[in-house]
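Below is the structure I would like to discuss, written out as structure tokens.
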Amino acid sequence: MENLIGLALNSVFVGNILLSYFLGMCSFLAVSRNLATAAGLGVAVVFVMALTTPVNWLIYHGLLAPGALAWAGLPGANLSFLKLIVFIAQIAAIVQAIEMVIDRYSPALYTALGVYLPLITVNCAILGASLFMVERNYSFAETLVYGTGSGVGWCLAIVAMAAIQKKLRYALVPRGLQGFGISMITTGLIAIGFMLFAGISL
Amino acid sequence: MTTAAARPWAAVRRTAAYKEIVKALWRANPISKQILGICSSLAVTVQLETALVMSLALTGVTAGSSLAVSLLRKAIPRNIRIIVQVAVIATLVILADELLKAFLFDVSKQLSVFVGLIITNCIVLGRSEAYALNHPPGQAFLDGLANGVGYSSVLLGVAFFRELLGSGKLFGATVIPEAFYRAGYVNNGLLVLAPGAFIMIGLFVWLEHTLLERK
């Protein structure tokens with residue numbers, strides 16, 4: 001249990017998937033101009049990541065991992081090289097399915113999240129979380145915690161960025177640094193802030 | 001003598017291929033655009049060696065996918081073109097990943113998941129969607145190659161400063177003389193950590209904008 005709490009804290013702060021692994025930068029920079037849209041996309045990412053990472057765990061350990069096909073009489077089969085293409089297809093499929101379910105049962109949520117869902121398929125943070133899950137040999141419970149934690153970390157980072165961008169409009173930024181340059185440096189400073197949690201251990 | 005040497009060069013300059021390469025490398029290559037494409041690759045810029053291997057993999061995949069998509073361009077139905085392109089790119093990335101595992105195992109361990117993440121790299125798909133789908137294979141290949149070299153230049157630039165200032169080394173060999181350390185020089189530990197990459201890119205963009213404005 002302590003291990004899981006530690007993993008959750010780590011995936012949200014110190015090992016933040018955006019700020020220390022640079023994943024999901026494209027949508028992070030594109031959507032952080034407005035606080036409300038940033039929060040919308042953030043919530044959508046938490047949702048999708050909490051769902052796709054465990055499903056990818058099941059697929060990987062049920063079908064692709066070395067020896068996973070033993071139940072089908074193929075104990076020597078190793079399909080792990082297929083993980084990239086299977087994961088990306090699975091993410092696209094889940095995003096599509098979520099979109100349809102939300103559209104059917106919660107039109108209000110659909111109008112709020114709808115435009116972001118297709119964007120999420122190409123968000124490298126989602127695929128990244130699934131690949132890290134394989135690389136670090138997480139158990140199923142750890143994967144659940146890690147997927148959700150990474151999503152929450154990404155959401156926190158984009159909301160913080162959007163809030164700072166709002167203040168930044170009134171700041172005097174040197175001309176050459178305006179726009180992309182100052183966004184990168186601000187992200188760097190947020191990353192330093194998140195790194196300070198490194199001292200906490202459970 | 002200079003005119004004789006310049007003449008073949010002038011002929012080269014007029015070719016379509018040359019123009020494409022110049023466009024991809026210089027005129028249409030702001031750092032900000034390239035970095036958006038390769039965001040996730042920033043994680044491998046702590047050392048020049050990993051950055052170089054990553055650059056080669058990225059350039060190979062971009063050039064290869066542009067070539068393959070261009071060869072298939074008349075056979076791909078319009079409606080499902082995105083998924084065909086993703087499949088082509090994913091196949092090439094898997095090939096690159098397996099090749100690295102076979103021949104450069106240590107580096108591939110350090111690159112970990114980031115080679116796989118080339119699939120979600122927006123610019124690889126962007127090039128094949130925007131250029132390769134309606135240009136002949138030769139030109140598409142050059143365009144992919146030149147764009148790959150374009151990102152690689154940014155990636156290697158960041159890696160150069162991070163390794164030099166962060167750990168005093170280049171390609172793993174110490175280059176800052178021992179005397180500097182005795183005189184009180186200290187490696188900047190911040191550059192080895194993730195925030196260093198963000199700040200480095202910010203400074204690069206600042207320099208680029210300032211230089212372009214002066215022109």
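Assess whether A:L82 counts as being more than 26 Å from A:R33 (Cα to Cα) and open to solvent by 20 Å² or more (accessible area, probe 1.4 Å).
Judged against the criteria, A:L82 is a match.
If you don't mind, there's one more thing I want to ask. Taking region B:73-120 as the region of interest, how many residues are among the β-branched types (V, I, T), within 12 Å of chain A (Cβ to nearest Cβ) and either open to solvent by 80 Å² or more (accessible area, probe 1.4 Å) or farther than 22 Å from B:S152 by Cβ (or both)? Talk me through it step by step, then tell me what you get.
In the first step, residues of region B:73-120 are kept if they are among the β-branched types (V, I, T); the result is B:76, B:80, B:82-84, B:86, B:88-89, B:91, B:93-94, B:107, B:113, B:115, B:118-120.
Cutting the leftovers down to within 12 Å of chain A (Cβ to nearest Cβ) gives us B:82-83, B:86, B:88-89, B:91, B:93-94, B:113, B:115, B:118-120.
Narrowing further to those that are either open to solvent by 80 Å² or more (accessible area, probe 1.4 Å) or farther than 22 Å from B:S152 by Cβ (or both): B:82-83, B:86.
Final tally of qualifying residues: 3.
Check every one of the helices (runs of 4 or more DSSP H) wholly within region A:83-202 and list those with 1 or more residues that are within 22 Å of A:V46 (Cα to Cα) and either touching a strand residue (DSSP E or B) at 6+ places or on another chain (Cβ under 7 Å) or within 14 Å of another protein chain (Cβ to nearest Cβ) (or both).
Values: elements: A:83-105, A:107-113, A:116-121, A:124-135, A:140-168, A:180-195.
It comes to A:83-105, A:116-121, A:124-135, A:140-168, A:180-195.
Take region B:161-184 and flag every residue that is within 20 Å of B:E49 (Cβ to Cβ), more than 21 Å from the chain's Cα centre (by Cα) and open to solvent by 50 Å² or more (accessible area, probe 1.4 Å).
Listed by number, the residues that qualify are B:L165, B:K169, B:A173, B:T174, B:V175.
Okay, next question. Exactly one condition in (1) open to solvent by 60 Å² or more (accessible area, probe 1.4 Å); (2) closer than 21 Å to A:L84 by Cβ is false for B:S65; which is it?
With (1) open to solvent by 60 Å² or more (accessible area, probe 1.4 Å); (2) closer than 21 Å to A:L84 by Cβ applied to B:S65, the lone miss is (1).
This table checks each residue for (1) open to solvent by 10 Å² or more (accessible area, probe 1.4 Å); (2) within 26 Å of A:G199 (Cα to Cα); (3) more than 14 Å from chain B (Cβ to nearest Cβ).
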{"site": "A:G15", "(1), (2), (3)": "yes, yes, no"}
{"site": "A:L19", "(1), (2), (3)": "no, yes, no"}
{"site": "A:L23", "(1), (2), (3)": "no, yes, no"}
{"site": "A:A36", "(1), (2), (3)": "yes, no, yes"}
{"site": "A:V43", "(1), (2), (3)": "yes, no, yes"}
{"site": "A:T52", "(1), (2), (3)": "no, no, no"}
{"site": "A:V55", "(1), (2), (3)": "yes, no, yes"}
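Quick one: which of B:F105, B:F114 is among the aromatic types (F, W, Y), within 30 Å of B:L190 (Cα to Cα) and in contact (Cβ under 8 Å) with a residue 12 or more places away in the chain?
After ruling out the rest, the residue left standing is B:F114.
Could you tell me whether any residue of region A:71-80 is within 11 Å of chain B (Cβ to nearest Cβ) and modelled with pLDDT under 90?
Within region A:71-80, one or more residues are within 11 Å of chain B (Cβ to nearest Cβ) and modelled with pLDDT under 90.
Confirm whether B:G138 is assigned to a helix (DSSP H, G or I), more than 14 Å from chain A (Cβ to nearest Cβ), in contact (Cβ under 8 Å) with a residue 40 or more places away in the chain and more than 17 Å from the chain's Cα centre (by Cα). Before you say what the answer is, go through the steps one by one.
Numbers: assigned to a helix (DSSP H, G or I): yes; more than 14 Å from chain A (Cβ to nearest Cβ): yes; in contact (Cβ under 8 Å) with a residue 40 or more places away in the chain: yes; more than 17 Å from the chain's Cα centre (by Cα): yes.
Answer is yes for this residue.
Right, here's the next one. Looking for whichever is without any contact (Cβ under 8 Å) to a residue 24 or more places away in the chain, surrounded by fewer than 21 Cβ atoms within 10 Å (Cβ to Cβ) and either more than 10 Å from every other protein chain (Cβ to nearest Cβ) or not acidic (D, E) (or both) here; the options are A:A8, A:A30. Which one fits?
Only one candidate passes the filter, namely A:A30.
Still on this structure, I have one more. Note down all Cβ pairs under 7 Å where the first residue falls in region B:185-200 and is away from chain A (no Cβ under 11 Å) and open to solvent by 20 Å² or more (accessible area, probe 1.4 Å), the second is at pLDDT below 85 and in a helix (DSSP H, G or I), and they're at least six residues apart or on different chains.
Final answer for the pair search is B:N187/B:S167; B:V192/B:S167.
Look through region A:49-77, keep the residues that are in contact (Cβ under 8 Å) with a residue 60 or more places away in the chain and of a type in the set (V, I, T), and return whichever of them is farthest from A:A93 (Cα to Cα).
Residue satisfying both the conditions and the ranking: A:T53.
Considering only residues that are surrounded by fewer than 24 Cβ atoms within 10 Å (Cβ to Cβ) and small (G, A, S), which ones fall in region B:121-145?
B:G126, B:A130, B:G138
Between A:L69, A:L119, A:L63, A:L156, which is open to solvent by 50 Å² or more (accessible area, probe 1.4 Å) and farther than 29 Å from A:V14 by Cα? Before the answer, list the steps.
Details: A:L69 fails: open to solvent by 50 Å² or more (accessible area, probe 1.4 Å); A:L119 fails: farther than 29 Å from A:V14 by Cα; A:L156 fails: farther than 29 Å from A:V14 by Cα.
Just one listed residue meets the conditions, A:L63.
The values are calculated or read from the model by the stated rules, or taken from the named source; none is laboratory data. If you're wondering where the values come from, they're calculated on a predicted model, not measured in any experiment. Cβ coordinates were reconstructed from backbone atoms using ideal geometry, including for glycine residues, and neighbour counts include every protein chain displayed. Areas reflect the complete protein model, heavy atoms only, side chains present, ligands, DNA and RNA absent. Shrake-Rupley method; radii C 1.70, N 1.55, O 1.52, S 1.80 Å.
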